[in-house]
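Have a look at the structure below before the remarks.
The values are calculated or read from the model by the stated rules, or taken from the named source; none is laboratory data. Only a predicted model underlies this, so the values are computations on that prediction, with no experimental measurement involved. As a convention, Cβ positions derive from the backbone with ideal geometry for all residues, glycine included, and neighbour counts pool all protein chains shown. Side chains included, ligands, DNA and RNA excluded: accessible areas come from the protein's heavy atoms. Shrake-Rupley method; radii C 1.70, N 1.55, O 1.52, S 1.80 Å.
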Amino acid sequence: MDIQKKQEVEEKVKKIIEERIRPALQADGGDISFEGLTDEMVVNVKMHGACGTCPRAQMTLKQGVEVAIRTEIPEVVEVNAVGY
């Protein structure tokens, strides 16, 4: 993947996180931050606050965050949480 395409995808991911995902998580006492995009098109995020200790954080990550990102950006193959 060329650098320009990767940067475009990264900017789209950041926008989705900021505009759609963060407000919903913050409303429940949690938060999320973008940690990077691999060359394999895997998005790495970090869950904060209540999301870091919630037993449903993995479900939120896969069924909420990953679905929201992959629906808008089909090039993304997966979303993973790194550190808590």
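Yes or no: residue 60 more than 15 Å from residue 73 (Cβ to Cβ) and hydroxyl-bearing (Ser, Thr, Tyr)?
Yes.
From the list 11, 40, 18, which residue is more than 15 Å from residue 83 (Cα to Cα) and touching a residue at least 24 places away in the same chain (Cβ under 8 Å)? Before you say what the answer is, go through the steps one by one.
Working: 11 fails: touching a residue at least 24 places away in the same chain (Cβ under 8 Å); 18 fails: touching a residue at least 24 places away in the same chain (Cβ under 8 Å).
So the residue among 11, 40, 18 that is more than 15 Å from residue 83 (Cα to Cα) and touching a residue at least 24 places away in the same chain (Cβ under 8 Å) is 40.
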Worksheet item: How many residues are over 19 Å from residue 15 (Cβ atoms), in a helix (DSSP H, G or I) and in contact with a helix residue (DSSP H, G or I) (Cβ under 6 Å, 6 or more places away or on another chain) when one looks only at the stretch 44-83?
Response: 2
Item to complete: Would you please name the residue that is most open to solvent (accessible area, probe 1.4 Å), looking only at residues in the stretch 1-43 that are touching a Leu at 6+ places or on another chain (Cβ under 9 Å) and outside any helix (DSSP H, G or I)?
Response: 31
